[in-house]
Each structure stands twice: as C-alpha cells, then as structure tokens.
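S.K.: Below is one structure. I have some questions about it.
The values are calculated or read from the model by the stated rules, or taken from the named source; none is laboratory data. From a predicted model like this one, the values you see are computed outputs, not experimental measurements. Because the Cβ atoms are built from the backbone with ideal geometry, glycine has one as well, and the counts that use them run over all protein chains shown. The area values use the complete protein model at the heavy-atom level, side chains included, leaving out ligands, DNA and RNA. Shrake-Rupley method; radii C 1.70, N 1.55, O 1.52, S 1.80 Å.
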Amino acid sequence: MQRAVGSLPLGPALRARLAAAGFQTAQELLDTGPCGLSREIGISKEEALEALQVVRQECSGDAARTAGGAGTTRKCTALELLEEEQAQGFIITFCSALDNILGGGVQLTKITEVCGAPGVGKTQLCMQLAVDVQIPECFGGVCGEAVFIDTEGSFMVDRVADIAAACVQHCQLIAETHQEEDHQKALETFSLESILSHIYYFRCRDYIELLAQVYLLPDFLSEHSKVRLVVIDGIAFPFRHDFEDLSLRTRLLNGLAQQLIIIANDHKSAVVLTNQMTTRIGQSQSTLVPALGESWGHAATVRLIFHWDKSQRLATLYKSPSQKESTIPYTITPHGFRDVQPPAVTQNTESTEMNPRKRPRREEEK
Amino acid sequence: MAAKKLRRAKLSQELCERLSRYQITTCQDFLCLSLLELMKVTGQSYRNVQKLLRQVSLACAPKMQTAYEMKVRRSVNPSSAFLSTTLHSLDKVLHGGVPCGSLTEITSPPGCGKTQFCIMMSVLATLPVSMGGLDGAVVYIDTESAFSAERLVEIAGNRFPTYFDSDEKLFCMTRSIHLYRELTCDSVLKRIKSLEEEIISKKVKLIIIDSVASVVRKEFDTKLQGNLAERSNFLARGASLLKYLAEEFSIPVILTNQITTSLSNGLAIPADLVSPADDLFLSEVSGASGSGKKESGCVTAALGNTWSHSVNTRLILQYHDLPTRQILVAKSPVAPFSVFFYTIEKSGLVLQGLWIKWLSAPAVLLCSACLPQMVPMAGFYA
C-alpha cells in the first residue's frame, strides 16, 4: 500500500499530473476517492475511477504476492520441481539415438533450437515432431496438438501425410503385439485425418506477421488447451534481410524469446525453433556458425546443430543444462526421421572439436 | 501486411492522429516498439496498451489453417500441385515434377543445358492440363540474352509433333511466353515487384529467371568490403518476393544459378560445403586451381549459403561423358539424392535409359569425377 505512484502502470500523462499534484503513495490515491481525485488533478470522474481501479488491482496483486499465494511469480522448492520434471513427458523423435542424447526426447516447457545447413533435415524433424506430439499416452506420447508457424514455406503437406501414416502404422504394430484394450481405443482416434487436423498451420511472410502471431499465441493456446508443441520453422529467415538497424533486431528477437519462454512455461508446451547457419569469415578460415548472432544463443535452453560429415547426417547437442555434449548420426527415410541402422555407433571424439570455445568434459567414469 | 496503416487496424481516429505525430503510421512501426514506448506515445495504461497490441496483431497475423484442410485442398486439385517435366523418372522421384508454390533452382557449369531446360519447361507450361501442362502464360526473365525463339519452336515441334501440327498452334504458344531482358540487379528486382499484376492480367503459370547468378556476380564483387552484405540483402529480398508470388498464385518458379570454384588459398572452404551434393567434381575443372585434388578447387553452387536456404528444391546438371550429362536432385523436401542421365536432342532434354536410383552421395561424386563407367553403390535405405 506504500507503493510509489511513479511505479503504477498508469498512463504517463496521468502519472505526471499526479506527481505534480504531490501524490506519493498508492494509499493516498485510494483514500482520496474518484471525485476528490478528479477535482485535484483536473480529469474527468470516469478517468479517475478507471485509474483507481487499476491502482486497486495492482495493490491486491502485490498483497497476494507478498502473502505467498499464487501470483504471477511462482515459488516452489527444488523437490517440487524435481517431481514435476520427472512426471513430465517428452516428445519422442523416432530416432532413439537423438532421444537418448536429449535425455528422453524434446522436453516440454523448454525452448529447443535446431540449427543446420540447408537441406540437412531441420524441417523434416519439425514435421516429425508435429506428428509425434499427438501420439496417445498409452503408446508413450504426450497426446497433444501442434502449432506450426512457417516462415520459409517449406512445409509440405504430402510429406507430413507420409510421416503420419508411418507413425500410425508403427502404433498399430505395437497395439497388435501388446493386445491391450486402451491401445485399441486410442487407435480409433489416432488416424491420419485426426493427426492432420490437429496441426495448426500459420504462414508468416515477414517479421511483422511473426511478431503479431506470437503476440496472439497465448490467446490461441488458451482456446486450444491441448497444444503441447509450438514449432517456428525458420526464425532466422524473416530477420536476416532488410534490417538496417541491428539493435532493433536484437531487441525484437529478445522480446520474442521472452514471450516464447512465457508461453512454454504457462502452457506446458515445448517450443522448437529452427535457425540457419551463416558463414563467419575469420582471419585464416571461415566457419559455419548459427545465424542471428551471439546474443540469440542465450535464448534457447537446448541447442542442436545438424551438420554433414561426408555423406552422413550428424546431430550434435551443443547446449543443454542437463545432458552431455555428444554427436549421433541420423537419417531421413520416406517414413520420416529415423536412426541409422545399425544403431550401435562409437562415440565421436569430434564432439569436442565442434565447439572450440567450450572446455571439453573429462570422462570421469572409466 | 506490415505496411498496413493503423487506421485499417480499427484503432480509433484520435489515437491514429496522436500516433502519427510520433511518425507511427503503420502496423510495422507500432509492433516494433517496446511496451514502455507504446505507453508513452499512446498515453494509455499498461493494460490498455496490451489490448491495443492484441488488436493490431489481429490485423496483421496470418490466418490459421489445419494441415488437414491443406491436404484436402491439394487433393481436390492434384494437377495444380506440380508441373511435370516429362522426364519420367525425374518426375517420379520428385512426386510429380517441379512443385508449384516453391522455388526450384537449376545449377550447372556453363553449357550443360540450363537454358535448354528452361526453354523446355516454358513449352510445357503452355500445354493444356490434359497433356500435363498448366495451360497458362510464362514470364521469362532473361539476364544473359540466351533465349532463342527458334530453339523454342524446334523443341515444341519435335517433342509434341502431334499437338503442334499447325503453325497456328505454334504461334499461339509463342504468344504466351513473355520475355523480359533485364541486365542489372535493380531492374531484375523492379521487374519481380511488377510481376504481381502481370500474373493476374496475363494468367501466368510459370516464372523463369535465367540466370540469377550472372547479374549478381557481375555487380557484386564479394572481395570488396560491404558487398557481401549487400548481395545477401538483394538475394534475400528477391527470394522472399518470389516466394510470396509462388505461394500466392500457386505457381512454380524456376531460377538458374552458376557454379563457383572455391579456392583453398582464399576464404570459405569447408564452410561452404553445406551438403555433399554441393561438393561437385567436374571432369574439366576450370581455371586457376589446377591440380583438381580434393583440397584445392572444389566447386559449389554460387551465391552462397543464405541463398541455399531460400530455394526449396535444387537440381544440379553436370557433364558426365559427352554427350551424356547427368541431372542430380540435390535438395528437395520430398526426394532423396538421385541421379539421372540425359542428352540434349532436338526435342530438348531426353533421359537415357540407364539411371541409378537411391544413390548415396559418395557414389555420385565418384561417378561424375573420374570413373566413366557406373559403380553400383549401397542403397539409400541400407
């Protein structure tokens, strides 16, 4: 109640007038009442009432927060978090090696970024995840829906249909071997049409449409509460050209990252972004690095880099708070994103060379 | 969408006037500001500003469609999803042909048949739908002055002798191919911007730009400072305009590109090899690099990394064993790496009988470089 007037979310003109009139704390405003306020400052009674309502809401919010109730800031112990994390589902990628290095799959409530050269399989992975998020719980999935925001135009419906058909077939095989009732029931609703109708597709042509769409995303997700995956395919593309003001770009990207973190947490969904690679010209040689600059690297919690090694596609876990840096091979078949057969592969020592700026982890277990 | 005026976003008149005093007139200006700045310029409280943001976003945001609706729309109109190239095996691998609604790039060293391919596709686009065409006009933007109308007529007459049996039909076909000669980057960009109205008025069903690389490489010397960024800027703008046209009208766009040699003593070697199919070995390595060993002088598609991200499908033409050449599917969202052999005849490109399906990339490299005979390799799904 002793909150300073300058910190209240009122319009700046109103704040200036209140300061000029000498009001200092929120309690004073509440005590004056709307009629008194309108007389002293010279605003209409309706405006004064509106301002007081805002002040009252803010103060009650503050009180709730200090009392430790459920407010906008969440407080919990690490034990509660641990239980939450363990109960959480992962979105599997159908490539067991990739799932292993991610610790089970793409994690919900976290932002995962996939970087890679053109043609290496980023969009394929996104399409695979948009199908995999819908796998029913009895088969080990999270039974959610997917939002696909496309900025590059590389979403091919026919390809998604192929991937979805392969996934349904896979689940049918599992159901046949296990012969359980809930498997059969789940399979009734898990069909090609239902998978495709639960992928919500947005095509954003430039960065303004992308920004607008991300502003509207929380409302959309409240309406479609079953969404567990938000894919933005090509976050780099709209920001990489036509931007003279790089500081504006950094600001917009940071704002975008913040909103996505809020969305991921509030709606318990995974956010997957794909990024491009750009050539950084160094003194003697040039290297491929993820686009959008150094500061963007902080936005994602988990970072995967897809690259080529002669003719093998490799995925490297570049940044993760809980898993070790490692590289695995994968392949893309007509059925989608899969392991390389045979799955037994020796650990690649190149993983430390991938990132010369990180200290290599020493193997402590022998 | 971004240039939409705030008035049309249904903001109140006085708010629009107030914002225009701060030079904020379009949705783009509005959405680029932070919340505090918005509070300052609108003079409203935090919650109201959030509501305004939502309102403006609603005016800009794209429409939602489910994947199922998209599929249904495509299946209702299957012939409009692809332009068949009449190279039967290539069409099968590409699931129908050159896809509509996305950019396809043809890259090759000089003389392999890019322009021949483009001329052939122009003929195909004017054919009626029953014969696999799109029954529409073609916009051909020629930057190298390589288009030959006589060759066009020759290909048409020899490939479809039964259809083009009269002069009347040939003239009708040639009338629907609109040729523009543009010699600078600026004029190419201006032409692309003007295409939207042309497409509607002339019922255009195919856009060909032959070639993008020649204008760009003439004007931008990447060794000079600042030119690399400008070049990427130009290419990115062109690519996004073309993508918009391709998607809006659901038509294919074909672009041609050149090959560049990246020298080992210069910049950018392993970095530029964005995919193994880019690492081409030619039986005739042009110019300076000399030794043709793997370390020095490997060839890649020109125009750099950013451009490779913008195109959706990439076909590479190469020399094989004169007169046979080969066509490689290097990047495609629906097709794996494949190689087909062809020759250039009177009727355009003709696929040879022998072709290797589902090759792994090293085999492709070996085939093209040293070994004239075919080496069977492990399959793609092994």
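S.K.: Might you check whether a residue that is acidic (Asp, Glu), open to solvent by 40 Å² or more (accessible area, probe 1.4 Å) and more than 9 Å from chain B (Cβ to nearest Cβ) occurs anywhere in the range A:152-160?
M.R.: No, the range A:152-160 contains no residue that is acidic (Asp, Glu), open to solvent by 40 Å² or more (accessible area, probe 1.4 Å) and more than 9 Å from chain B (Cβ to nearest Cβ).
S.K.: On to the next question. Which of (1) touching a helix residue (DSSP H, G or I) at 6+ places or on another chain (Cβ under 7 Å); (2) under 21 Å from B:Thr115 (Cβ atoms); (3) in a helix (DSSP H, G or I); (4) open to solvent by 10 Å² or more (accessible area, probe 1.4 Å) is the odd one out, the single condition B:His178 does not satisfy?
M.R.: Here B:His178 clears every test but (3).
S.K.: A follow-up question, please. In contact (Cβ under 8 Å) with a residue 24 or more places away in the chain, within 12 Å of chain B (Cβ to nearest Cβ) and closer than 25 Å to A:Gly105 by Cβ - does that describe any residue in the range A:235-246?
M.R.: The answer is yes; a qualifying residue exists.
S.K.: Give the number of residues within the range A:305-323 that are in contact with a helix residue (DSSP H, G or I) (Cβ under 8 Å, 6 or more places away or on another chain) and away from chain B (no Cβ under 14 Å).
M.R.: Residues in the range A:305-323 being in contact with a helix residue (DSSP H, G or I) (Cβ under 8 Å, 6 or more places away or on another chain) and away from chain B (no Cβ under 14 Å): 7 in total.
S.K.: Being more than 11 Å from B:Ile141 (Cα to Cα) and surrounded by 18 or more Cβ atoms within 10 Å (Cβ to Cβ): is that true of B:Asn257 here?
M.R.: The answer is yes for B:Asn257.
S.K.: While we're here: For A:Asp233, which of the numbered conditions (1) surrounded by 19 or more Cβ atoms within 10 Å (Cβ to Cβ); (2) more than 12 Å from the chain's Cα centre (by Cα) fails to hold?
M.R.: That leaves (2) as the condition not met.
S.K.: I'd like to know if the range A:251-268 contains one or more residues that are more than 11 Å from the chain's Cα centre (by Cα), without any contact (Cβ under 8 Å) to a residue 12 or more places away in the chain and open to solvent by 40 Å² or more (accessible area, probe 1.4 Å).
M.R.: Looking for residues that are more than 11 Å from the chain's Cα centre (by Cα), without any contact (Cβ under 8 Å) to a residue 12 or more places away in the chain and open to solvent by 40 Å² or more (accessible area, probe 1.4 Å), one finds at least one in the range A:251-268, hence yes.
S.K.: Shifting gears a bit: State yes or no: is A:Asp206 within 14 Å of A:Val230 (Cβ to Cβ), within 11 Å of chain B (Cβ to nearest Cβ) and surrounded by fewer than 22 Cβ atoms within 10 Å (Cβ to Cβ)?
M.R.: no
S.K.: Kindly check whether there is at least one residue in the range B:56-75 that is part of a helix (DSSP H, G or I), in contact with a Ser or Thr (Cβ under 6 Å, 6 or more places away or on another chain) and either at the interface with chain A (Cβ under 7 Å from one of its Cβ atoms) or open to solvent by 20 Å² or more (accessible area, probe 1.4 Å) (or both).
M.R.: yes
S.K.: List pairs: first residue in the range A:9-27 and more than 8 Å from chain B (Cβ to nearest Cβ) and of a type outside the set (Asp, Glu), second residue assigned to a loop (DSSP other than H, G, I, E, B) and open to solvent by 40 Å² or more (accessible area, probe 1.4 Å) anywhere in the structure, Cβ distance under 7 angstrom, at least six positions apart or on different chains.
M.R.: If the second residue must be assigned to a loop (DSSP other than H, G, I, E, B) and open to solvent by 40 Å² or more (accessible area, probe 1.4 Å), the pairs left are A:Thr25/A:Gln2; A:Thr25/A:Arg3; A:Ala26/A:Met1; A:Ala26/A:Arg3; A:Gln27/A:Met1; A:Gln27/A:Gln2.
S.K.: I've got another one for you. Considering the range B:31-55 alone, what residues qualify as being within 36 Å of the chain's Cα centre (by Cα) and more than 9 Å from every other protein chain (Cβ to nearest Cβ)?
M.R.: B:Leu33, B:Gln55
S.K.: If you take the residues of the range B:310-354 that are among the aromatic types (Phe, Trp, Tyr) and outside any loop (DSSP other than H, G, I, E, B), which of them is farthest from B:Val93 (Cα to Cα)?
M.R.: The qualifying residue farthest from B:Val93 (Cα to Cα) is B:Tyr319.
S.K.: Step by step: first the residues of the range B:109-125, then only those that are among the small types (Gly, Ala, Ser) and crowded, with 24+ Cβ neighbours inside 10 Å, then the one that is nearest to B:Leu152 (Cα to Cα). Which residue is that?
M.R.: B:Ser122
S.K.: Given the criteria away from chain B (no Cβ under 11 Å), under 27 Å from B:Arg73 (Cβ atoms) and either open to solvent by less than 30 Å² (accessible area, probe 1.4 Å) or among the acidic types (Asp, Glu) (or both), does A:Ala212 qualify?
M.R.: no
S.K.: Let me ask something else. Do any residues in the range B:36-56 that are closer than 19 Å to A:Leu216 by Cα have Cβ atoms under 9 Å from those of residues that are open to solvent by 70 Å² or more (accessible area, probe 1.4 Å) and among the polar types (S, T, N, Q), where the two are at least six apart or on different chains, and which pairs are they?
M.R.: B:Arg47/A:Gln57
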